[in-house]
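K.L.:
Input: one structure, supplied below.
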Amino acid sequence: MNILVTGGAGFIGSHVVDDLILQGNNVIVLDDLSGGFEDNVNNKAVFIKGDICDYDLIKKIFKENKIDFVFHLAAYAAEGLSHFIKRFNYNNNLMGSVNLINQSIIHKVKCFVFTSSIAVYGKNQLPMTEDTVPMPEDSYGIAKYAVELELECSHKLFGLNYIIFRPHNVYGERQNIGDKYRNVIGIFMNQILQNKPLTVFGDGEQSRAFSYIGDVAPVIAKSIHQQDAYNEVYNVGADIPYTVNQLIKKVKEVMDKEPEVNYLDPRNEVVHAYSSHKKAEIVFNLKEKTDLETGLQKMAEWVKQHGAKSTKNFDEIEIEEKLPPSWKIN
Ligand code: NAD
């Protein structure tokens, strides 16, 4: 099968690519390297450096390759920052997705796999289940939900099959620990490597279920083989929520350091977010998941081997009002 993976130089995408190649597929990776790294790309994949917002490029890729399946993971997933970069967020995460959906309809792609997010639920009942009515609270979640709705309506009118995954708080090897706007575990590990205090928004009592990459990417990669799973939405990831304060204790243990913790003003975010995975467990026959200690240990080993990453500012902030001071560019 010929498979296009957008965001395949990124964290989750590169693991999905590895699995797809192990399955014997021909994989084309499209990634603009805005958040990923060429080193992450499996050397058996064809790598195209390019932007999903470049519609001429997308048309060319579909015209020149008979694409059977699309795995669309390219996005800028800085949920908290998305309030302040609305135009960028909708261009990249919504319009970029529409470019791929258009071409998938025209070229009769067999199934379009999309990584949405738990962010679509917003502040909602816990645990969030797939039949919970989404109420996204930020621009990132709104863009993801719009793409979900677009896939549903493209299926109804044009017969484009889709599978939507809603992962959450994924961590593990190859995560970009240098992005200061997202991925709390990576941020903490990077701060520890640089002997800096850990920074926490609010009192650290917000909770999330942190999901190890090995429990997420393989589920996404194998999903296309199960046609009875098509045209549905699935939560995917860990079940047990931990507060950020509990997480800090565990990160300190695996990194074997005792950094200070610097509590900042709270930011605008959903306080508790975790979801049920019963549906994915039944449909994809999922068994045991990696516990947080084991997953953190694996990530810590990788992080220690690869060292600290420099962080850079997102330099086109569109709205400064209410931007957390630590995100202001000095
Ligand atoms: P990531 O940043 O590591 O990977 C995203 C990749 O997309 C990067 O390599 C980046 O360079 C690329 N990209 C971004 N914009 C692009 C564009 N316009 N054109 C081409 N490439 C572009 O992030 P990730 O954590 O691996 O996330 C992968 C997907 O999973 C995203 O869609 C994200 O929204 C979704 N997701 C992630 C999490 C998580 O916890 N990591 C949770 C829910 C959903």
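The values are calculated or read from the model by the stated rules, or taken from the named source; none is laboratory data. Just so it is clear, the structure is predicted and the values come from calculations on it, not from any experiment. Positions of Cβ are backbone-derived with ideal geometry, glycine not excepted, and every protein chain shown enters the neighbour counts. Side chains included, ligands, DNA and RNA excluded: accessible areas come from the protein's heavy atoms. Shrake-Rupley method; radii C 1.70, N 1.55, O 1.52, S 1.80 Å.
K.L.:
Hey, what's the chain come to in accessible area per residue, 1.4 Å probe, Å²?
P.N.:
With all protein chains present, the chain gives 46 Å² per residue.
K.L.:
Hey, what's the Cα Rg ratio for segment 1-136 versus the globular rule of thumb, 2.2 N^0.38 Å?
P.N.:
Taking N as the residue count of segment 1-136, the ratio is 1.08.
K.L.:
Need the C-alpha centroid separation for segment 152-181 versus segment 202-239, integer Å.
P.N.:
9 Å
K.L.:
Can you spot the aspartates and glutamates whose alpha carbon is less than 20 Å from LYS44's alpha carbon? Ignore those fewer than 8 places along the same chain.
P.N.:
Of all the aspartates and glutamates, those that pass the test against LYS44 - Cα under 20 Å, at least 8 places apart if same chain - are ASP18, ASP19, ASP31, ASP32, GLU64, ASP68, GLU173.
K.L.:
I've got another one for you. Taking the chain as a Gaussian network, where each spring joins two C-alpha atoms under 10 Å apart, which residue of SER97, SER276, SER211 fluctuates the most?
P.N.:
Its mean-square fluctuation being the largest, the pick is SER276.
K.L.:
For the peptides 213-219, 178-184, 196-202, what is the packing order when you average, over each peptide's residues, the other Cβ atoms within 10 Å and list the highest mean first?
P.N.:
Order by mean packing, descending: 213-219, 178-184, 196-202.
K.L.:
Starting from the Cα gyration tensor of segment 207-314, take the square roots of the eigenvalues, sort them a ≥ b ≥ c, and report rounded, prolate or oblate (rounded when a/c is under 1.5, otherwise prolate if a/b is larger than b/c, else oblate). Please report the intermediate quantities before stating the final value.
P.N.:
Values: a/c = 2.06, a/b = 1.70, b/c = 1.21.
Because a/c hits 1.5 or more and a/b exceeds b/c, segment 207-314 counts as prolate.
K.L.:
Given the options GLY96, GLY295, PRO259, identify the residue whose Cα lies farthest towards the positive end of the charge dipole of the chain (+1 on Cβ of Lys, Arg; -1 on Cβ of Asp, Glu).
P.N.:
After comparing all options, I get GLY96.
K.L.:
Sticking with this one: Between segment 12-29 and segment 34-96, how far is it from one alpha carbon centroid to the other, in angstrom?
P.N.:
15 Å
K.L.:
Round to a whole number: what % of the accessible area of segment 45-166 belongs to carbon and sulfur, probe 1.4 Å?
P.N.:
Carbon with sulfur: 56 percent of the solvent-accessible area.
K.L.:
Further question: If the cut-off is 26 Å between C-alpha atoms, which lysines fall inside it for LYS196, apart from same-chain ones fewer than 8 positions away?
P.N.:
Candidates past the 8-residue exclusion: LYS180, LYS249, LYS250, LYS252, LYS257, LYS298, LYS304, LYS309, LYS312, LYS322, LYS328.
K.L.:
Can you tell me the dipole magnitude for segment 171-330 around its Cα centre, using point charges on the Cβ only (Lys, Arg +1; Asp, Glu -1), in Debye to the nearest 20? Kindly include the intermediate steps, with their values, before the conclusion.
P.N.:
Working: 21 positive and 24 negative charges, 69 e Å.
Dipole magnitude for segment 171-330 comes out near 340 debye.
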